[in-house]
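Here the structure is laid out as structure tokens; the discussion comes afterwards.
The values are calculated or read from the model by the stated rules, or taken from the named source; none is laboratory data. Note that the coordinates shown come from a computational prediction; the quantities given were computed from them, not determined experimentally. Positions of Cβ are backbone-derived with ideal geometry, glycine not excepted, and every protein chain shown enters the neighbour counts.
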Amino acid sequence: MLSFITEKQSCWERLKAEKRPIFIYGMGDGALKIMSVFRQKNITLSGIFASDDFVRGHSFEGYRVHKLSEIEEMVSDFVVVLAFAAGYQEIVDKIYNIASRHTLYVPDVPVVGNGLFTYEYCVENQEKIAQVYNSLADDYSRKVYANIINFKISGKIEYLSAVTTAKSEIYKKIIKPGLNEVYVDLGAYNGDTIRELMEFTYGKYAAVYALEPDRKNFKKLAKFVDGMKHVFAYNAAAWCTDSELPFASKAGRQSAISANASTTVAARSVDSILNGKPATLIKMDVEGFEREAIWGASSTIAHHSPKLMVSLYHRNEDIFELPLLIKKLNPAYKLYIRHQLYIPAWETNLYATV
């Protein structure tokens, strides 16, 4: 088996063996997913707590929501299971502070799709994982890759803190954006990543193509790019072909293609939009449909070798399937993996350059 995968026991197995009370920290979709696994694996849940600002005497899934201080007064030694995502330094610091006082796990539940990321899952896919590991362009990428996999198995946050890289460093050392980028932004949200790029190019660019499927987000995007020259914004999902897809609008960034949705959205492929013209930089953060977006840009990737920034954290298989697909489409790429400040392993991205 792969020597860099050192965690053999999943956090679920550790939680099942726990004798101490287990409390989930957080409410919402993450907590529901974790509670579902608890039920499947007969893991006993003792209660739920939330940040003091969110505790208003309400309940969640039949549990009264406590403050952490209340639980600490009632129970001397307990286990904390984090059930929400944190991407800001202040919240991350708060989580590490809790981890310094209590045993803390952050179970990895996929944003999209089913199944759990376990050691056994890695064994099943060891050839692909090894292929990616061996094709990475630098030692640090290999360290990040190993740590992310060990984190996903164990739920131990120290694996993340050891490989967190500032966004500015990624732009300056890997992406190195120029002043004439033809930027394709898939999952453009409200224009935040366009703004991000402009910070490094002093507002200079050749053209921007931005796709955002959610109508509310698209309105914000359209307002942001209004008046900017050579910027083309599409209220559409990134896909392998031009089509229409069922789409579920949710708050903020969580809108996604969904088979159960009652509304539809236009879908476009990058190759269709560019129509043979080159792109120099493509970002893909499309809520678990990166594979389809890559296929939709396959001609551009193969013939023009744009720099790529691709999310690797929505589906369990993304961490090996997406790098292998990109390398298959264009073997000339050098592949890098970096993790930005986030708990769990969200904002773990693939960067490809030639």
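Quick notes on this one:
- Condition met for Tyr96 (aromatic (Phe, Trp, Tyr), modelled with pLDDT of 95 or more and surrounded by 19 or more Cβ atoms within 10 Å (Cβ to Cβ)): no
- Test: Met1 is modelled with pLDDT under 95, more than 21 Å from Gly113 (Cα to Cα) and not assigned by TED's automatic domain parsing to the domain that holds Asn147: yes
- The set of residues from segment 268-279 being within 11 Å of His304 (Cβ to Cβ) and surrounded by fewer than 19 Cβ atoms within 10 Å (Cβ to Cβ) comprises Gly276, Lys277, Pro278.
- Taking the criterion of being in contact with a Phe, Trp or Tyr (Cβ under 6 Å, 6 or more places away or on another chain) and among the polar types (S, T, N, Q), the residues of segment 133-189 that qualify are Ser141, Asn147, Asn150.
- If you go through segment 233-267 and keep only what is surrounded by fewer than 13 Cβ atoms within 10 Å (Cβ to Cβ), modelled with pLDDT of 90 or more and either part of a loop (DSSP other than H, G, I, E, B) or of a type in the set (A, V, I, L, M, F, W, C) (or both), you end up with just Thr241.
- Residue that is surrounded by the most Cβ atoms within 10 Å (Cβ to Cβ), among those in segment 35-77 that are closer than 18 Å to Glu13 by Cα and either modelled with pLDDT under 95 or charged (D, E, K, R) (or both): Lys41
- Of the residues Tyr159, Tyr121, the single one that is part of a helix (DSSP H, G or I), under 28 Å from Gln9 (Cα atoms) and free of Cβ contacts under 8 Å to residues at least 40 places away in the same chain is Tyr159.
- Meets criteria (in the same structural domain as Ala279 (by TED's automatic domain parsing), surrounded by fewer than 14 Cβ atoms within 10 Å (Cβ to Cβ), of a type in the set (Asp, Glu) and assigned to a helix (DSSP H, G or I)) for Glu199: yes
- Checking each residue in segment 23-34 for being surrounded by fewer than 20 Cβ atoms within 10 Å (Cβ to Cβ) and either within 30 Å of Gln131 (Cβ to Cβ) or among the aliphatic types (A, V, I, L, M) (or both) picks out Leu32, Lys33.
- Some residue of segment 166-178 being in contact with a helix residue (DSSP H, G or I) (Cβ under 8 Å, 6 or more places away or on another chain), charged (D, E, K, R) and in a helix (DSSP H, G or I): yes
- Residues in segment 60-103 that are farther than 30 Å from Val286 by Cα and either of a type in the set (A, V, I, L, M) or not assigned by TED's automatic domain parsing to the domain that holds Ile157 (or both): Val65, Leu68, Ile71, Met74, Val75, Val79, Val80, Ile98, Ala99.
Residue by residue, here is whether (1) farther than 23 Å from Ile148 by Cα; (2) surrounded by fewer than 24 Cβ atoms within 10 Å (Cβ to Cβ); (3) not assigned by TED's automatic domain parsing to the domain that holds Ala267 holds:
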| site | (1), (2), (3) |
| --- | --- |
| Leu281 | yes, yes, no |
| Asp285 | no, yes, no |
| Glu292 | yes, yes, no |
| His303 | yes, yes, no |
| Asp318 | no, yes, yes |
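- The one condition from (1) surrounded by fewer than 14 Cβ atoms within 10 Å (Cβ to Cβ); (2) outside the structural domain of Phe117 (by TED's automatic domain parsing); (3) without any contact (Cβ under 8 Å) to a residue 60 or more places away in the chain that Ala166 does not meet is (3).
- Counting the residues of segment 183-196 that are buried (at least 20 other Cβ atoms within 10 Å of the Cβ) and on the phi < 0 side of the Ramachandran plot gives 7.
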